[in-house]
Each structure stands twice: as structure tokens, then as C-alpha cells.
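Since every read-out is calculated from the coordinates, none of them should be taken as a lab result. These numbers come from a predicted model, not from an experiment. Because the Cβ atoms are built from the backbone with ideal geometry, glycine has one as well, and the counts that use them run over all protein chains shown.
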Amino acid sequence: MYKSVDELRAAIEVYTKELSSKFDGTSDKRYIMLCGGTGCMSAGTMDLKAELEKYLAQYGVADKFEIRVVGCFGLCSEGPFVRMFPENVLYRLVKPEDVEEIVRKDCVDGQIVERLIYVDEKTGNLIPKMEDIPFYTKQKRIALHGCGVIDPDKIEEALGCGGYQGLIKALSMDRADVIKMILDSGLRGKGGGGFPTGRKWQFAYDQKSDEKYVVCNGDEGDPGAFMDRSVLEDNPLAVIEGMAIAGYAIGASEGYFYIRAEYPKAVARIRQTIKKAEELGLLGDNILGTDFCFHAHVRLGAGAFVCGEETALLNSIMGLRGMPRPRPPFPAVKGLWDKPTIVNNVETLATVPYILREGLDAFTCYGTEKSKGTKVFCLGGKVKNVGLVEIPMGTTLRELIYDIGGGIQNGKKFKAIQTGGPSGGCLTEAQLDTPIDFDNMVAQGSMMGSGGAIVMDEDNCMVDVAKFYMGFICDESCGKCTPCRIGTKRMMETLERITSGRGTMEDFEEFDQISDACKNNSLCALGQTASNPIRSTITHFKDEYIAHIVDKTCPAGVCKDLIQYRIDPEKCMKCSICSRSCPVQAISGVPGKEPYVIDTSKCIRCGMCMASCKFDAIFKE
């Protein structure tokens, strides 16, 4: 147990040297780092570890290497990874059958296995080092500090990577000065609202109360988002430290992590790190010999998207049904058990230690005038480089999609990017040079949200995209207020009519009326922003809606009720494969004698025939 700040500083110095030795070649061992992110783990990281252990022993070099499973490397589409130190060589798309060659060539003979090295598509050059890969060159890891470097199960490595130096700095300052530093940093809430973090802390600090609380919102629910999960899994101590700093600043002694139960690994890591921090005197009573006491607890969410809204989240922690409540009073005045409470999301709390540790200039040198620092995005959809990225505010959408994301898959044409999840909107080619920050995204008709970024290409139907998000919103409405409960259902029904060919031009007026009612009268942001996917797709892709309504066609060939499968008789090879693959016997013909024909009255539009035809004889119209 560390009984004083000086004791912890001395230990941190030792841990820092030990961690550095793993990378700089001063250790008597070489280190092999494996990505422990969810994507790589599911693709076989632990199989690679077993194979490495096997072949290192077989070649008689096991005592010269240490294998470490660390956090997410970020470039999920290129995993699983094997990273060699001190040479800092990165192998990607590694399979168990590749391991023997890595051990034989790299570990024994000191030669790079070139076929597993990243290749720059533009130049054709091999890029052996991770930091030189274009995906990483425009990133800056602040909230993700330590992720992909430290072993999350070893708190000593987190301390050696800068952990708790921010809290040490805070404990030497007056509480009001800590809040002023966060205010001066320009840090804004990364959960979607973008409210100034320091101002929220100031509100809670100003309240006179015998008890105050800090809550970490880890109820990440946007489709395609996994930013918070990665931080909680890969460097849990950073989030705990951020919560402790917030607690010290406002005068709170209790903190709650609210994490969705679908993240069992994140929950286990937080619980394990809290327990270890308590044993070391980093949490609990009289932390590091000071009069600051802070205890952290974990509560699980049951998967309700609406519990991402702070008042619904607080209700859930207290054992009540997860429903929003009217504001004011705001949680900073009347939150958990009617006591002053600040609610910050995972990314926000993970950023706080960096500001205290590195100083204002190190943080404010990134970003724009009104949005300082960085933002973590989950880049997904039709881009080549799918993964977890952290970019300085002010980076353009074009840089995000083409420089970091590598462009659109399969040579397709970019169509839109959905940011902000269900509450956001679609941005098009015309907005690609927009610098990413809180205010710019709203001005363009979307929002940054928690950080989901789904890229779509020419094969996406934007009416279908709007229907997908509206279906999600309908399912997740808590039902407390009528505008949201009924309005989202009516909008979903209208979208279903349009995509099935039963829409009318009057539907546009109906959308306007219902969306205005939801926006102006719903209790929380879920209902207030529910119509955003529809509004943005109509704004940018109204011609697609009109095609569905007037022409009864889906230009992208996605909406089943508006497409027909046909067989080109000139291309048909009379092989009968399509007929044999049809689950409803809708295709007839004579093998080897006459072209096959699809009976459209029987066809269920499953696409099996088109997928099975090797001669491109089947098409959609």
C-alpha cells in the first residue's frame, strides 16, 4: 500500500523504467505483443498465443521472449496482430499457420516476414512499423492513452504509463483550481451533448451538501459504437483516475460506474482494477496519506438505450425504472438520492488525467477554437480500414474517411456518413471538407454524438437507412412521454409504407408534423432527436424517397418489395444451379435445353439465386 504521494512517485518511477525496457531494447528479453481487442480476440488472438508458446519452445528460444496480450490496436480490419519489440515490427492478418514462420524467421534468424507486413496501397511500399501506417499517422491518443501498450490486468503497467500522475497533481492543488484548469482546457463532454465539463463540475462544487457523487456513464448504446468499451477494457485505471479527480474537485467521496451488462469484459476489468487500487491505497479512505476519501462502485445496465440519458441512468442506479425525469433540477443540483451529482461519460473521464498530467498547452494545442482536444470514433461501414480511431478536433471528414479509413471498399462511390448514431444524421460529399467538432457537425445537420461513424456507399438505400435507425429508436423508447412513444411508431409505419411501395407524397408533410411534435414535446433527447435520420436523409436524398413513392422502385436495389429478380436468357447457361438454390421453387427451366425463368409471383426476393449464379445471368430491376 502506498501511504504517501512520495511513495507512489517512487513506485511510478520504477514501473515506468520497467515498462520502457520492454520497448527500447534495454531488457534482456524481446517482447511479443498481441492485440486483445474484441475483434482480434474473436479472430484468434489466444490461438496465436498458444502457437507462439509452442514454437518458441520447439525452437529453443522461449526464455528469450515474453508474450503480452494488451489492448486494442485500433485497426480492427487488419487483425489479428503480432507486434515484435524492440524492433517494433507489426505483422497483420496473422493466422495460426503463420506463427511457425514468424518464430523461425523473426525470432530465430532476425528476418522480417515480409508477406505479413502492411502494404501501402498508394506506393506499394512495405510499412513494418505501426506508427508509420497511414491509419495511425493523423491520430493522437489522449483518451486512448496506454490502450494497445499496457497489459490491462497489470495495474503496475498502467502506473508506469502515466497513471495517477494526474491525481497526484490535483491533490497538490486547491479544488477550485482543478475545476478552473478543466474549464480553461475547453474540455467538453464526449458523450454527445458537448456540454463544458468544467462548468458541470462548477455547478456541483457550488452546491452545499453533505454528500456528492460522480457517475461514469458507460451505457454505450449507439449501433456500431464501441469506444467506451475499449477504454474500459484496455486502460481501466485511467477512467478510475479521472473519476477520482472529478470527485476531489467537487468534494465527492463516492463514485459509480454504470456499465451495460453486455460488456462483461469491461465490467470485470473495472471491478478488478478497483479492488487492486483499494489494496494499493489508490482508492478508499485517506488516499496517499491525504484527507481525500473516495470509493468507487459498479452498477450494471440492462441494455436500455434510454439509460444513456443521465437522469434515466441515475434512476436505474437507484433501482428505479430507467426513465428520464424533467430538468431542471439538473443532476449537478439534485441527482443520485437527491444529492449533487455529475455524470461524465467514459471518454471524458479518461481525458481528464491527461490534462492534469501533461498541462493545458499539451491538450489545447489540439482542436478548434470551441472544441479542444481529440475525439474517439468507431469508424465502420464501407471503409477499408474499420476500427477505433482518436483524431484531433478539426480533422475533416475527408481525412477521416480517406486518409485514415483508406477510402471506400471495392472501388465503390462514397454516398454518406452517419454520425451521432440514431440521434445524428447523414452527411454527404458536399460536407466532406467540414472540420469535425461539436458545433460544425450540428451546423451541417448532424452531430458528433458519442463517436459512431458509419460510412455508406452507392449500394446503400438511404430510405432503408432511415428505417433501420427509426426501428432502433422505436424499440428503445421508454414510453414515458406520448410524443416519443406514439410519434416514433407513426414515423416507422410511414417508412415501412414507403419501402413497400405504398407511400404517397403526403407522407412528407406527415413527417414534418410528427417530427416537430417529437422535437418540441419529448421529455429527453431520444424523442427530441428521433426524427434526425429521416430529416437528414430527406434533405440530402429526397430523390430516393420520390423514387420509392412515385416510381415504386428502390434505386439501390435494397428494399425487397420494390425489386424483381430476372434471368438474362442470353447469359443463362441452363445449368439449373439457381433453381436448386431457390428455397420456394420459383425458378423453372430444362437443364441444358432452355434458359431458366423466375416466377415473380412466387419469388420471395431472398437473393439466393443471384448469389449462386456464377455467370452473372441474374440481375435486379
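A few notes on this one:
- Simple rule: put +1 on each Lys or Arg Cβ and -1 on each Asp or Glu Cβ in the chain, find the dipole, and look at Gly487, Ile436, Gly381; the Cα lying farthest toward the positive end is Gly487.
- The count of lysine pairs in the stretch 330-475 that are at least 8 places apart or cross chains, and whose C-alpha atoms lie under 26 Å apart, stands at 13.
- Based on C-alpha pairs under 8 angstrom that are at least 6 apart in sequence, the stretch 155-364 has a relative contact order of 30 percent.
- Remark: the stretch 374-457 carries a charge dipole of roughly 360 debye about the Cα centre, counting +1 on each Lys and Arg Cβ and -1 on each Asp and Glu Cβ.
- Summed over qualifying helices (DSSP H, 4 residues or more, each -39500 (n - 2.57)) and divided by its residue number, the chain shows a 222 nm mean residue ellipticity of -11000 deg cm²/dmol.
- Count Lys and Arg as plus one, Asp and Glu as minus one, and take only other residues whose Cβ is under 9 Å from that of Gly251; the net charge is then +2.
- Stokes-Einstein translational diffusion, the stretch 462-551 - Kirkwood Rh over all Cα pairs, 1.002 mPa s, 20 °C, in µm²/s: 168 µm²/s
- Among 546-555, 439-448, 161-170, the peptide with the highest mean count of other Cβ atoms within 10 Å heads the list, and the full ranking is 161-170, 439-448, 546-555.
- Centre separation in Å (Cα based) which lies between the stretch 298-331 and the stretch 2-26: 40 Å
- Taking the chain and dividing mean pair separation by its residue count, relative contact order in percent (alpha carbons under 8 Å, at least six apart): 11 percent
- P(r) weight above 26 Å for the stretch 18-133, C-alpha pairs, percent: 13 percent
- With Cα atoms defining each centre, the stretch 244-273 and the stretch 37-59 are spaced 31 Å apart in the structure.
- Building the convex hull from the alpha-carbon atoms of the stretch 527-621 and averaging its projection over directions returns 8.0 nm².
- Residues whose placed amide H lies under 5 Å from that of Gly425, excluding near-sequence neighbours: Thr419, Met447
- Fraction of alpha-carbon pairs over 21 Å apart in the stretch 155-364 - percent: 48 percent
- If you take all other residues with their beta carbon under 13 Å from the beta carbon of Lys265, and give Lys and Arg +1 and Asp and Glu -1, the sum is -1.
- All lysines inside 17 Å of Lys95 as judged from Cα atoms, apart from same-chain residues fewer than 8 positions distant: Lys49, Lys54, Lys105
- Distribution of pairwise C-alpha distances over the stretch 564-620, 10 Å bins, in %: 28, 63, 9
- Counting only Cα atoms, the size of the stretch 374-457 along its three principal axes is 33, 22, 22 Å, in decreasing order.
- The stretch 462-551, relative contact order [Cα under 8 Å, separation at least 6], %: 39 percent
- The phi-based Karplus calculation (6.51 cos²θ - 1.76 cosθ + 1.60; θ = phi - 60°) puts the 3J(HN,Hα) values of the stretch 196-204 at x, 4, x, 5, 4, 5, 4, 4, 6 Hz, whole numbers, x for Gly and Pro.
- Simple point charges give the picture: +1 on the Cβ of Lys and Arg, -1 on the Cβ of Asp and Glu, and for the chain a dipole about the Cα centre of about 1060 debye.
- Remark: the stretch 164-180, residue by residue, has Karplus-estimated 3J(HN,Hα) of 6, 6, x, 5, 4, 5, 4, 5, 8, 10, 5, 4, 4, 6, 5, 4, 4 Hz, where x stands for each Gly or Pro and the curve is 6.51 cos²θ - 1.76 cosθ + 1.60 at θ = phi - 60°.
- Note that the stretch 264-365, at 20 °C in a medium of 1.002 mPa s, gets a Stokes-Einstein diffusion coefficient of 134 µm²/s from its Kirkwood radius over C-alpha pairs.
- Residues Leu126, Leu159 arranged by fewest to most Cβ contacts within 10 Å: Leu126, Leu159
- In plain terms, the residue of His297, His540, His145 with the fewest other Cβ atoms within 10 Å comes first and the most crowded comes last, giving His297, His540, His145.
- Charge tally in the Cβ shell below 9 Å around Tyr31, where Lys, Arg are +1 and Asp, Glu are -1, Tyr31 excluded: +4
- Estimated vicinal HN-Hα couplings, Hz - the stretch 338-353 in sequence order (Karplus 6.51, -1.76, 1.60; Gly, Pro = x): 6, 9, x, 9, 10, 10, 10, 7, 4, 4, 4, 5, 5, 7, 4, x
- Scaling against 2.2 N^0.38 Å puts the C-alpha radius of gyration of the stretch 278-428 at 1.36.
- Percent of beta bridges antiparallel (DSSP, the chain, rounded to nearest 5): 55 percent
- Of the peptides 285-295, 181-191, the ranking by mean beta-carbon count within 10 Å, highest at the top, reads 181-191, 285-295.
- Taking amide H as placed 1.01 Å from N in the peptide plane, the amide H of Gly367 sits under 5 Å from that of Gly373, Met393, each at least 5 places away or on another chain.
- Residues whose amide H comes within less than 5 Å of that of Thr434, counting only those at least five positions distant or on another chain, are Leu397, Arg398 (H built at 1.01 Å from N in the peptide plane).
- Each of Trp201, Trp337 was scored by other Cβ atoms within 10 Å of its Cβ. Listed from fewest to most, they are Trp337, Trp201.
- Between 0 and 90°, nearest 10: helix 236-250 axis offset from the chain longest Cα axis: 60 degrees
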